[in-house]
Amino acid sequence: LISGIILGLISGAYPAIFLSRLSPILIFSQKSPKSFNSKLIKVLSVCQFAITTAVFIIGIFIFRQLNYIQNADLGIEKENTLILETGLWYGSEAFIQELENNPGVISATSVTNSPDDFFWENKNVTWDGKETEGNVTMNKVWVDDGFWDTYKVKLLEGELYTTSFDAYWNGKPPYKIVINETAKRIIGKENVIGTILRDGWEYIVVGVVKDYHFKSLHKAIT
């Protein structure tokens, strides 16, 4: 670090001292000598100012982008959250109970996908009274009832279902489902609670949650 600072001072000292002796008025004046050196100095000076300005502007954009990425409101709790890929499915309840026995764990949840990548898509979702033209694609993810508290998902309408693994899979359709604001807008009903959605299976909407990012920030919430 020290050698870099010294090298920078030495390499920058000569041009700084040289340019400081030149008169800006003389450099840009039409009356300045028409020698090759004066023209070269004029060109280099303009290029230097242009490059400096460009770097400054780019730096501002980079700073704003990094600040946005670090502080963007995803709509879910991301601080102090640890995601573990376990491969568990049927044994998730016992694993979560074991985690919550640790006093350092506030809450835990089992989700089929990481909340930053709900990639499972159903490309032909229908419902009674559907007026939306064409096929409607919706992302689907299975979560347990600890999802809402762990990720601080905000409920807007209806209720957040509570269920056990056995009760869910041993139950009969329609299965309880919670949708986001965007899904409600697509369905187009003022009161969407109780609506039956179909994608090969049947689900009944019991709640609507505030939109949150479950994919890259480059993509709009679907």
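The values are calculated or read from the model by the stated rules, or taken from the named source; none is laboratory data. Everything quoted here is computed from the prediction, not taken from an experiment. Please note: Cβ atoms are built from the backbone with ideal geometry, for glycine as well, and neighbour counts cover all protein chains shown. The area values use the complete protein model at the heavy-atom level, side chains included, leaving out ligands, DNA and RNA. Shrake-Rupley method; radii C 1.70, N 1.55, O 1.52, S 1.80 Å.
Structure notes:
- Every test in (1) among the charged types (D, E, K, R); (2) out of contact with any Gly (no Cβ under 6 Å at 6 or more places or on another chain); (3) closer than 27 Å to Ile83 by Cβ; (4) touching a residue at least 40 places away in the same chain (Cβ under 8 Å) is passed by Glu159 save one, and that test is (2).
- In segment 127-149, the residues that are outside any loop (DSSP other than H, G, I, E, B) and open to solvent by less than 50 Å² (accessible area, probe 1.4 Å): Trp127, Met138, Asn139, Val143, Phe147, Trp148
- Near pairs, Cβ below 6 angstrom, 6+ apart or cross-chain, from segment 12-29 (of a type outside the set (Val, Ile, Thr) and open to solvent by 90 Å² or more (accessible area, probe 1.4 Å)) to any residue that is assigned to a loop (DSSP other than H, G, I, E, B) and modelled with pLDDT under 70: Leu26/Ser32
- Residue pairs meeting the criteria (Cβ under 7 Å; at least 6 apart or on separate chains; first without any contact (Cβ under 8 Å) to a residue 60 or more places away in the chain, in segment 169-181; second part of a strand (DSSP E or B) and not hydrophobic (A, V, I, L, M, F, W, C)): Pro173/Glu202; Pro174/Glu202; Pro174/Tyr203; Tyr175/Tyr203; Ile177/Tyr203; Val178/Gly207
- Condition met for Asn80 (free of Cβ contacts under 8 Å to residues at least 60 places away in the same chain and in a loop (DSSP other than H, G, I, E, B)): yes
- The set of residues in segment 183-220 being part of a strand (DSSP E or B), crowded, with 17+ Cβ neighbours inside 10 Å and touching a residue at least 40 places away in the same chain (Cβ under 8 Å) consists of Leu197, Val205, Val206, Gly207, Val208, Val209.
- Leu74 surrounded by 10 or more Cβ atoms within 10 Å (Cβ to Cβ) and among the aliphatic types (A, V, I, L, M): yes
- Output for segment 153-176, where each listed residue is out of contact with any helix residue (DSSP H, G or I) (no Cβ under 8 Å at 6 or more places or on another chain), at pLDDT 75 or above, more than 22 Å from Asp128 (Cα to Cα) and open to solvent by 50 Å² or more (accessible area, probe 1.4 Å): Lys154
- Lone unmet requirement of (1) farther than 18 Å from Asp211 by Cβ; (2) touching a Ser or Thr at 6+ places or on another chain (Cβ under 6 Å); (3) among the aromatic types (Phe, Trp, Tyr) for Tyr161: (2)
- The residue pairs whose first member lies in segment 38-62 and is touching a residue at least 24 places away in the same chain (Cβ under 8 Å), whose second member is open to solvent by 90 Å² or more (accessible area, probe 1.4 Å), and whose beta carbons are closer than 9 Å, counting only pairs six or more residues apart or on different chains, are Ser45/Phe28.
- Criterion (under 21 Å from the mean Cα position of the chain (by Cα) and open to solvent by less than 100 Å² (accessible area, probe 1.4 Å)) met by exactly one of Leu66, Leu99, Leu82: Leu66
- Tabulated pairs, segment 88-107, first under 21 Å from Trp148 (Cβ atoms) and outside any helix (DSSP H, G or I), second hydroxyl-bearing (Ser, Thr, Tyr) and open to solvent by less than 60 Å² (accessible area, probe 1.4 Å), C-beta under 9 angstrom, 6+ apart or interchain: Leu88/Ser110; Trp89/Ser110; Trp89/Thr112; Ile106/Thr150; Ser107/Thr150
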